[in-house]
Structures are given as C-alpha cells and as structure tokens.
Amino acid sequence: MSPRAAGRTGHAIALLRYGAWLGLALLGLAMPSPAGADVFGPISLVSASPFQQVEYAHDAAISGAGRYVVFDGSIGGVTGVWRREIRPGDELVQVAGGDSELPSISHDGRYVSFTTNEGGKLAEITDGQPDVSRTEETPNVYVRNMSKQPGEVGAFMLASDLSYEYSAGPNQASEEKEYGAQAAGRTALSADGQKVVFVTTATSNLDGPGTPPLQVGIHDLETSKTEIVSVAKDPATGGPAIDEATGLPEPVPVEPQNPKVGAVYTRGGSGPPVFQAPQPHAIPGGVGASISADGSTVAWMGQEIGEQALTLPGETLGGNYSEPLWRRIADGERAPTRRVTGGSDPTNPQCAATHGGSPPPTPAPSDPCQGPFATVGGGIWNGAAPDYVVPQLSADGYAVAFIASAPLVSQGSDFGSGAETRPSDLYVADMHEGLSRVHALRQVTELAGGDETRIATDARILDFGISSDGTQVAFTTKRTVFPLGSLAYVSPPAAVPGLAELFDADLADATLTRVTQGYAGGAGEHPHEERAQEDPYENEDDGALSPSFSDGGETLAFSSTASNLVYGDGNAPPLRSVFLDGSDAFLVKRIQFGSTPTPQYLSSAPSLSVTPVWSLGVTARSLGNGDVLLYVDAPSAGTVDAYARSSVRTRSAGASRAAQGRRHAGSRVARGEPHASSRAARGRPARAGVSVLTRTVATAIAHIVGEEGGVTTLLLKLAPSYQGLAAQRGGLSATANLIFTTRGRSPLRQRIAVSFLRVASHSQKAAVNRKPKGQKGR
C-alpha cells in the first residue's frame with residue numbers, strides 16, 4: 001500500500017509537534033542576500049505548521065526569491081502538493097489535492113506546476129480534506145495560480161493542453177489513466193511562471209496528429225500556445241527538419257522496429273513510464289525536462305541522438321544510446337538541438353581534419369573527435385541505477401549539471417570498473433560557443449576505488465541541483481570519500497556511510513561542504529535495525545534528496561528521511577512500517593559573514609606639538625665631466641652656501657728663483673764661479689721647492705624658498721685654474737663644506753667627501769692611443 005492510500009484509510013495521524021515548529025522559529029529566516037560563504041547554519045523544518053507535522057514530504061523546491069517552499073506529501077491524511085511561506089507562524093497551504101506530485105515553483109512563489117491524474121476534479125479535491133472519492137483520468141501537467149482560490153476561474157491551468165491517442169482494444173481504458181504527459185519536479189517552470197516544460201507519454205497532437213510519445217513540449221501560459229521542443233534534425237543543415245506541408249519542425253520519429261524509443265530516454269528502452277501516485281521516499285521514476293529560469297533553454301536526457309543532434313560520419317548510436325541534449329528555444333524554431341557531452345564531439349572544428357571526421361578507432365583523449373566519455377553502446381548512462389535525474393540548468397541555461405555513469409576517457413581504466421555497472425558521478429558542462437566538449441566539462445565528484453559494492457567510495461550520486469548562476473552544485477549521496485583534488489573540504493564527510501547526506505560544491509571557490517548533520521552534531525539518522533553491512537539502512541535512496549537553491553545559492557531546500565536534523569522532529573515511523581517513511585522538507589541557509597570592525601584604541605592628542613628634526617642632509621654625485629652635483633635636504637627656507645677645498649701642489653716665489661738659478665748654473669761654472677752646492681756648503685740655504693697647500697677649488701650657493709624646506713641641488717664647478725686636475729688619474733679629491741642659514745636659527749653645517757673627475761670619451765681615448773703613421777711601437 002502506498003503512503004497515499006495509507007493516508008486515505010486513516011493510518012496517518014496528525015502529529016502535534018511544537019518542537020518541530022521551534023526549529024523553524026529559532027532559525028530566524030530573513031530575506032535572501034548574496035551568497036558569501038561555504039558554511040551553512042542550522043537546519044529548519046518547513047513541512048510543518050505551528051501545531052502539526054506532515055506524515056511525509058517529498059520533492060521539495062524553493063522559490064527563487066527564497067520566500068516559499070513547496071513539496072508533495074500528506075498532512076493529517078490529506079495528500080497533494082503543499083506550499084509554506086518561510087516566516088514564523090505561517091501555515092501550510094494546499095496547492096493541489098489528490099495524487100498531485102512533483103511541484104516546481106516560480107520565482108515569486110505565485111505559480112506552482114505539478115503532475116496529476118485527477119485534473120478534472122482539482123477544484124473539488126483541493127479543499128484541505130482527504131480525497132475519499134478518487135476519480136482517475138489521463139495524467140497531465142497543471143499550473144496553480146496561488147493568488148486565486150481553488151474554485152475561482154484561472155486557479156488551475158492545463159499546461160499539457162493536448163489530445164491523446166490510444167491503441168484500441170481491451171487495454172485502452174487503463175492506458176488512458178496511465179499515459180498522457182508528465183513534468184519533472186523543481187525544474188519544469190520558468191521564473192516568471194509562464195512557461196512550463198513537460199514530456200508526453202502517449203501519442204498526441206503536440207506537433208500535429210500522430211506525434212509519437214516521449215517528446216518534449218513547452219506551454220506558454222501567457223499566449224496559451226503549446227510547441228514541440230524535441231525536433232528531428234535536418235542532416236543537411238544540422239538544424240531542425242521542417243515539414244514542407246505545415247512549415248513546422250518535425251518531431252523525433254519512432255523506429256518501426258522499436259516503437260517504445262522516442263526523443264527522451266527511458267531506462268532500458270522500456271517505453272513511456274506510467275503515471276504513479278507518490279511512492280515511498282525515492283528518486284522519481286518518471287520522465288521530464290528542465291527549463292532555465294529565464295525561459296530561454298530546455299534540456300533533457302535524450303535518446304535517438306542521431307535523429308536530434310549532429311553526429312560524426314559513420315557514428316552508430318543505438319536507439320537507447322543516452323546523452324543530455326540542449327536546445328536554446330529563445331533563438332526560434334530554427335534553433336538546433338546540441339549535445340551537451342558524450343562519446344564524440346562532432347562540433348569540434350579540428351575534428352573534420354582528423355581521419356575524415358570519423359569516430360576514433362579507440363578512445364583517445366588527444367583525438368579532437370573524441371568526447372569526454374568512454375561510451376560503450378549505452379551512452380553516458382548505463383541504466384544500472386533504478387532511475388536517473390533530469391539534467392538541470394542555470395538561470396541563463398548555459399551551465400548544465402548532470403550525472404553520468406560512463407567513465408571519462410581521461411581516467412583510463414578507472415580502477416578497472418565495468419562501464420555497464422559503474423556508479424554515477426556528477427558533472428557540469430558549459431554550453432557557450434567555442435568550447436570543445438572536453439574543455440567545457442567540469443567533474444564535480446570522482447570514484448575513490450574500484451570496488452563497486454563499497455558504499456564509502458563508490459556509492460552513486462542520487463540527486464542534485466544547480467544554483468541560478470551555475471557556480472553552486474548541491475548533491476546527495478551515501479558516499480563519504482571524495483578524492484577529487486580540485487575541491488577542498490570546508491567540513492569533513494561522515495566517518496562511515498549511513499543515510500544519504502547533502503553536500504554543496506562551490507565551483508567558484510573550489511570547496512566542498514557537508515550540509516546535513518544532526519542537531520547534536522552527528523550524522524543524520526532515523527530508527528533502524530542493525531545490519532552487518534557497511535550501510536545499516538536497507539533503502540539505497542534513504543536520506544536526503546531533491547536539493548533546490550534559491551537565487552544566488554544562499555538557501556537550500558531539500559527532503560530527507562533523517563529524524564535528527566531538527567530537535568522535535570516526530571514523524572519518524574516505527575520499525576518495519578510499510579505505510580510511512582518519515583520524510584520531511586527542510587531548509588538551510590548559508591551563513592553570511594559580514595565585515596566585523598576591529599576595535600580601535602587611540603591615545604589622546606599630545607600636549608606639545610612634535611618639532612621636526614633640525615638637521616641638514618647632503619649626498620654627492622660625480623658627474624664625470626669634472627663637476628659634482630650636491631643634493632641638499634634643508635629643514636626650512638633659507639640659504640645654502642657650499643664650497644669645496646682640496647690639497648693642491650703650488651710653487652712658491654723662492655722656488656721660481658731657484659729654477660732661474662738652475663738655468664744659469666751652467667754659465668756660472670763656465671766663468672769659474674762655484675756651484676750652488678758649494679755655496680750651500682758654506683751656509684747659504686737654497687731657495688727652491690714645491691708647496692702642498694689647501695685651497696678652495698669650487699663654490700656654489702642656493703636659496704630655498706619653501707617654508708618646509710626640502711631637497712634642492714647645487715652644482716660645484718672647479719675654478720678654471722684647477723680644472724685640469726680633474727683629468728688626472730683618480731681625479732681631484734676634495735671636501736665639500738655646506739652652511740645653511742635662516743633667520744632666527746643657528747647655522748647648520750655639514751661636510752662630505754667629493755671627487756671632481758673628468759672621464760675621457762671613447763673618441764678622445766682613441767685619439768690618444770692612435771700613433772702617427774710610420775711610428776713603430778717599442
């Protein structure tokens with residue numbers, strides 16, 4: 001018996017849970033602000049009113065503005081889709097009654113889409129009472145306008161407004177209640193609530209009579225127009241094939257030998273899934289598509305890839321070969337369908353020049369025709385898991401999050417795991433033009449071992465969601481080991497596997513945060529029987545599912561069967577219960593770390609003003625042309641006098657007369673007079689010699705005008721009689737003396753050693769070294 005049936009037969013009892021309400025009140029939720037950290041606060045329970053908690057809540061989704069959360073579930077035995085405003089004391093409001101499920105919500109929370117097989121009686125059964133007179137009909141997708149009461153005109157709008165065809169015979173009556181159209185939860189509605197995307201599960205008139213099932217359609221509530229999204233490819237252009245008779249794109253054809261295969265992938269090629277009333281907490285098993293918040297782009301898990309998108313010449317893809325497909329419907333009906341990723345890359349410009357643009361003989365990362373994944377017949381999804389999750393889009397549609405079970409070509413043998421049974425991992429692809437599919441792909445999770453039975457290292461990725469800007473990806477898994485080095489832990493995973501937990505990967509900061517934990521600090525859990533296996537819980541999907549971001553990624557909504565995330569959670573079922581799963585809808589906000597001002601301690605102003613240092617600074621530079629440049633740092637306005645003194649050799653007057661005497665010595669000897677040495681011997685000293693005297697060789701003066709002084713320059717030029725000394729070897733060494741004077745202060749004096757040096761140019765040196773013609777060297 002399903003939980004829904006349990007609610008109708010009275011097994012579900014309304015629960016008074018003041019403690020569960022307290023968890024929400026203590027959180028103190030506020031209006032959203034931009035995400036700024038990878039740390040999350042306490043978890044709050046939203047699938048409860050102040051005095052009553054739901055029996056179960058699945059498929060949680062949060063509005064972009066972060067004001068409302070919707071989910072499908074049962075409260076007090078009343079089933080359907082519910083909405084809760086995130087503020088203290090707010091009540092749960094029924095969106096749609098009966099078997100309504102898989103809701104998506106607009107940015108402001110006004111519009112909610114869902115799938116139901118009781119569309120004709122929605123106004124009657126959306127009354128807060130148990131649905132006791134159930135009348136099943138064709139499943140379809142509807143949108144509820146929450147500004148209107150259920151009985152008002154326009155409160156419920158049919159989005160999959162189609163007529164369906166069924167095979168004649170004894171099964172027709174049951175087919176009419178099982179096949180029609182379905183929409184995915186969380187991702188089926190644009191932000192303005194006007195565009196709804198769905199998948200047909202019966203032959204319809206979506207693109208004219210006889211349109212095969214498993215086609216993606218979109219309905220515009222504003223124009224009341226329904227169009228096909230999954231169109232057939234024109235082999236000549238790569239764009240949509242146009243029907244000459246109608247001028248409209250053609251739907252993806254159905255293979256005559258396999259009529260169960262259409263545009264949208266179904267596990268194992270089993271054909272369109274039947275509509276099922278809400279089942280125990282698990283990944284939904286139906287089909288669906290995603291639409292970007294701006295309504296520009298649609299993505300779906302495709303099959304019949306060769307009929308919808310470009311493939312390589314000679315590339316053979318079976319009907320069940322699966323890849324995510326992407327189409328920008330905002331570009332008009334001629335917009336092509338593109339492959340998000342896969343085993344080949346026909347759009348790579350370098351592929352055509354490589355072995356004729358054919359698929360590589362063996363998977364090779366360096367081959368431009370090679371896609372990121374080593375697909376072996378089944379595409380990127382091997383079907384080993386019970387169900388897959390619809391690819392999800394960022395607000396502008398250019399970031400696509402998806403899970404794949406095929407191994408990456410770049411990872412080689414990948415622990416030797418078989419492609420047919422390999423667990424799934426999470427990826428994000430960039431759909432902007434100009435990127436090869438290899439360069440457009442970013443891996444978010446990676447297997448940590450080759451033992452596919454080990455949960456800690458190889459558990460599959462169960463569910464995921466992407467933020468509006470494409471930089472945050474939330475996912476749920478029982479895996480506890482994440483070896484991918486590109487993501488750093490903000491909080492460590494649990495030590496051992498248990499219930500599936502919620503993680504947040506920040507692709508911009510390259511961090512991984514474990515979001516879920518018990519209010520006492522441990523891992524999430526609920527009552528269970530002890531088992532010897534690694535995971536003590538029997539259900540593979542047990543734990544967290546359906547992560548959903550508000551705009552900016554600052555708030556996450558999700559569902560979980562854990563009973564210890566919030567104090568007072570009291571709907572955990574007893575052991576061996578077949579009616580309830582104890583799941584709830586939860587909310588967790590990212591902690592915003594604002595700028596915290598650092599305490600400043602300033603001392604009081606000094607009683608006396610600080611007097612600047614009264615000093616004179618000077619440095620010198622030899623210019624190489626015989627001059628010296630002085631840099632003088634004066635403390636105030638005033639005058640700087642500078643002079644340079646040096647020891648130089650000079651001849652005295654006596655020395656000059658002695659020189660004259662030597663010139664006439666020869667004549668005196670010739671006349672018979674005694675030599676000067678003879679006269680000296682008789683006591684007459686000689687008047688000859690060279691004196692070394694200190695002389696002022698250069699002067700300069702400068703006037704400093706600014707009151708605060710500053711640096712000025714003075715140029716010391718040798719006096720004409722000493723300029724020749726600057727050219728001698730080593731130049732002329734001197735001491736520069738500076739005197740700074742200003743009114744009312746004592747003079748400041750400073751001295752510094754300087755060198756007057758004249759360096760000969762290259763042309764001058766060449767002229768000196770040049771010998772006259774004919775002169776031989778010695």
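Assorted remarks:
- The order of ILE455, ILE329, ILE701, ILE62, going from fewest to most other C-beta atoms within 10 Å of their C-beta, is ILE701, ILE329, ILE455, ILE62.
- Derived scalar couplings ³J(HN,Hα) [region 171-181; Karplus, 6.51 cos²θ - 1.76 cosθ + 1.60; whole Hz; x for Gly, Pro]: 8, 4, 4, 6, 4, 5, 8, 10, 10, x, 8
- Environment charge at ILE305 (Cβ cut-off 10 Å; Lys +1, Arg +1, Asp -1, Glu -1): -2
- FRET efficiency, THR316 to HIS355 (Cβ-Cβ, R0 25 Å, nearest 0.05): 0.95
- Relative packing of 168-176, 244-252, which averages over residues the other C-beta atoms within 10 Å, highest first: 244-252, 168-176
- Amide H within-cut-off set for VAL490, under 5 Å, with H built and near neighbours excluded: LEU512, THR513, ARG514
- Positive contributions from Lys and Arg (+1) and negative ones from Asp and Glu (-1), summed over other residues with Cβ under 13 Å from the Cβ of LEU587, come out at +1.
- All Cα-Cα distances of region 520-576, cut into 5 Å bins from zero to the largest, leave 4, 15, 21, 24, 18, 10, 5, 3, 1 percent in each bin in turn.
- For ILE75, distant residues with modelled amide H under 5 Å away: GLU55
- Multiplying the residue separation of GLU124 and ALA236 by 0.36 nm and removing their Cα-Cα distance gives an extension gain of 35.1 nm.
- Label-point gap, in nm, between ASN539 and SER491 - each point 7 angstrom along Cα→Cβ: 2.3
- Entry for region 437-501 at q = 0.14, 0.20 Å⁻¹: log10 I(q)/I(0) = -0.46, -0.90, Debye formula applied to identical alpha-carbon scatterers, no solvent contribution.
- When each of LYS121/LYS589; LYS225/LYS478; LYS121/LYS195; LYS148/LYS233 is checked by Cα-Cα distance, pairs over 32 Å: LYS121/LYS589; LYS225/LYS478; LYS148/LYS233
- Where both bridge residues fall in region 179-285, DSSP classifies roughly 95% of the beta bridges as antiparallel.
- Mean shadow area of region 177-237, taken as a quarter of the surface of its Cα convex hull (nm²): 5.6
- For region 243-363, the gyration tensor built on C-alpha atoms gives a prolate shape. Its axis ratio a/c (a ≥ b ≥ c) is at least 1.5, and a/b is the larger of a/b and b/c.
- Anisotropy class of region 73-145 from Cα gyration tensor, a/c 1.5 cut: oblate
- Cα gyration tensor category, rounded, prolate or oblate, for region 171-277 with a/c compared to 1.5: oblate
Each value in this text was obtained by applying a stated rule to the coordinates, not by laboratory testing. Keep in mind that this is a model prediction, so the values were computed, not measured. Quick reminder, even Gly has a Cβ in these numbers, built from the backbone with ideal geometry, and neighbours come from all protein chains shown.
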